[in-house]
1. Residue pairs, Cβ under 7 Å, 6 or more apart or interchain, first in segment B:63-83 and over 15 Å from B:L440 (Cβ atoms), second surrounded by fewer than 17 Cβ atoms within 10 Å (Cβ to Cβ) and of a type in the set (D, E, K, R). List them.
2. Mind checking which residues of segment B:21-38 are surrounded by 14 or more Cβ atoms within 10 Å (Cβ to Cβ) and either acidic (D, E) or within 13 Å of chain A (Cβ to nearest Cβ) (or both)?
3. Looking only at segment B:116-146, which residues are crowded, with 17+ Cβ neighbours inside 10 Å and at pLDDT below 95?
4. For residues in segment B:415-438 being among the hydrophobic types (A, V, I, L, M, F, W, C) and surrounded by 22 or more Cβ atoms within 10 Å (Cβ to Cβ), which is nearest to the chain's Cα centre (by Cα)?
5. Tell me, please, whether a residue that is in a helix (DSSP H, G or I) and at pLDDT below 95 can be found in segment B:478-487.
6. Determine if segment B:199-213 includes at least one residue that is without any contact (Cβ under 8 Å) to a residue 40 or more places away in the chain, within 13 Å of another protein chain (Cβ to nearest Cβ) and under 28 Å from B:S108 (Cα atoms).
7. Within segment B:147-158, can you find the residues that are acidic (D, E) and surrounded by fewer than 20 Cβ atoms within 10 Å (Cβ to Cβ)?
8. Of all residues being under 12 Å from B:Y184 (Cα atoms), at the interface with chain B (Cβ under 7 Å from one of its Cβ atoms) and of a type in the set (G, A, S) in segment A:19-51, which is surrounded by the fewest Cβ atoms within 10 Å (Cβ to Cβ)? Just the residue, please.
Amino acid sequence: MIAATLVLLVLVGITGSALIAFWWAADTGQFKNPEDASKSIFDRDESIGKPTDHFPGRSS
Amino acid sequence: MRQNISQPLDQNDLQKISSSKAHEDQLQRQLIDTRCRNIVTAFFSASLVWLLSGSALAIAASIKLHSPDFLTQSDWLTFGRVRPAHLNTMAYGWVSGASIGVGLWIMSRLTRVPLSKSPWLWAAFFLWNIGITVGTIGILRGDSTSIEWLEFPGYTAPFLLGAFAIAMFEIIRMMNKRPPGHVYISQWYILAAFCWFPWLYATAVILLVWFPVQAPAMPPINWWFAHNALGLWFTPVSLAAAYYLIPKVVGKPIHSYYLSMIGFWSLGFFYAWNGMHHLIGGPFPAWLISASIAASIMMLVPVITVAINHHMTMKGSFHYLKSSPTLRFVVFAAVSYTLVSVQGSSAAIRPLNQITHFTHYTIGHAHLGMYAFVTMMLFGAMYYIMPRLWNREWPSAFLIRSHFWLCALGVALMTFALSIGGWIQGWELNKAEKGFMEILEITLPYLQARSLSGGILTLAHLMFTLSFLLLIFGWSPRGGTPTLLEANTPFRRTQ
């Protein structure tokens, strides 16, 4: 019984940590301008429209 | 650049600024990659050693299932030892070691914060690999805990926990130092995975190994841990890699950032409740099992969002599969993620579970997840990362192609053989009049196919290891723009 309670507490803890992180994300504007976020992985020299991987010996 | 600041910039000036900023980005990436080079390569190298060791143990265990007299001379080579040694070297040595390397590199790239220079990460590397070595030897000499996915003896846990704590703090440090702005979806997945896993592992080790709880409470804790290791550690790191690599390789942002966020948050909310579906039919509170079945079905939400997002991002770019080694592995893995998740949710439904439970079907499902999804994703990530760390091209397109096709063939054979064989096995086991040995004989061809697939996969692993070694020892072309080189001169040694 004690173990089941402990596991339940940890389950609630993990879900709770996700809830706290969710609240933080909403509070800091992480859900605003998602299109900008999706472009954040591109650099000015590795920009959108530029593929970055090929088999050796073959460029596009 | 201009004498008079009030004068408007002309085209030439804009080009110079743009080119200097592009150069800045390139230099920043170079700094990040240089700082990552040794430690990430070390994690990858050690993980490959475990991959090969785990493959050898897998073949031994698999052959024993249809030829029980194979390697019976020594007690340390008995099935009860080589099988858990295989599982643990693969799960912790190969997948977790490579995931730490991939996680550190992607987080460093996305936060634009170079890895720490402190020796702590090296301490993590040594602790992790000492832990796996001690644990594997422990299992083989008969010290296994007999708790599935946690067979390493209790004395190895401090090594693994210490290593993971260091990796977690490094991930948190990079997040903390990142420039202000959006947190990309891959960062969310990596941050969550590196915080969730030590928590899961510590809880399971404390309650099951160090201070074992009463026996009836052990299976729920065991399966809570084992299933979450897959869903809250291996899965998030692999999805982080997919969300970073697919857009980068095809040069296109992900189709819908909204969907990616729904996928992440629903994984966080639903996954932790999934593990109890392994105990359907067992002597456990019905509500616990039912809640887990409901959560397993709810997992279709993140899975479908991820599948739609990846497919729509790839739409119009499928031709890159011909030209990009990374994309081949990553797309194969992404499709497998959808398949394994739908298969997992369906197997949690009681009537289906009555057939598949305690059969080879579950082993086929595990290989679809841990190999076709996670391992293929890690291979794809390593194909992208290594040339950038070493500023060198992969040595041979032939080795990459052979590696891919052998992996694809091997894992497809294994999954089909075990799924079909397991289904028949479950169907027959439910018939009270059928003898156990009779059913065992029906499964033999499927078990032989499993051994064959293990051999094919091991050959693929040897080819990848050869490629990896040729790259790091300089037997491959060098270039300033990795993986976009013109030279086609395999096995040419470079400095």
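The values are calculated or read from the model by the stated rules, or taken from the named source; none is laboratory data. Quick caveat: nothing in here was measured; it's all calculated off a predicted structure. No Cβ is skipped: glycine too gets one built from the backbone with ideal geometry, and neighbour counts run over all protein chains shown.
1. What qualifies is B:W76/B:R141.
2. B:A22, B:D25, B:Q26, B:Q28, B:R29, B:I32, B:D33
3. Answer for segment B:116-146, where residues must be crowded, with 17+ Cβ neighbours inside 10 Å and at pLDDT below 95: just B:S116.
4. Here is the first cut: in segment B:415-438, the residues among the hydrophobic types (A, V, I, L, M, F, W, C) are B:416-418, B:420, B:423-424, B:427, B:429, B:432, B:436-437.
Imposing the further condition that a residue be surrounded by 22 or more Cβ atoms within 10 Å (Cβ to Cβ) reduces the set to B:417-418.
On the way: B:A417: 22, B:L418: 21 Å.
Residue satisfying both the conditions and the ranking: B:L418.
5. Here is the first cut: in segment B:478-487, the residues in a helix (DSSP H, G or I) are none.
Within segment B:478-487, none of the residues are in a helix (DSSP H, G or I) and at pLDDT below 95.
6. Here is the first cut: in segment B:199-213, the ones without any contact (Cβ under 8 Å) to a residue 40 or more places away in the chain are B:199-200, B:203, B:206-207, B:211-213.
The next check asks that each one be within 13 Å of another protein chain (Cβ to nearest Cβ); those that pass are B:199-200, B:203, B:206-207, B:211-213.
This time we only want the ones that are under 28 Å from B:S108 (Cα atoms), so: B:199-200.
Looking for residues that are without any contact (Cβ under 8 Å) to a residue 40 or more places away in the chain, within 13 Å of another protein chain (Cβ to nearest Cβ) and under 28 Å from B:S108 (Cα atoms), one finds at least one in segment B:199-213, hence yes.
7. Step one: of segment B:147-158, the residues acidic (D, E) are B:148, B:151.
B:E148, the sole residue that qualifies.
8. A:S40
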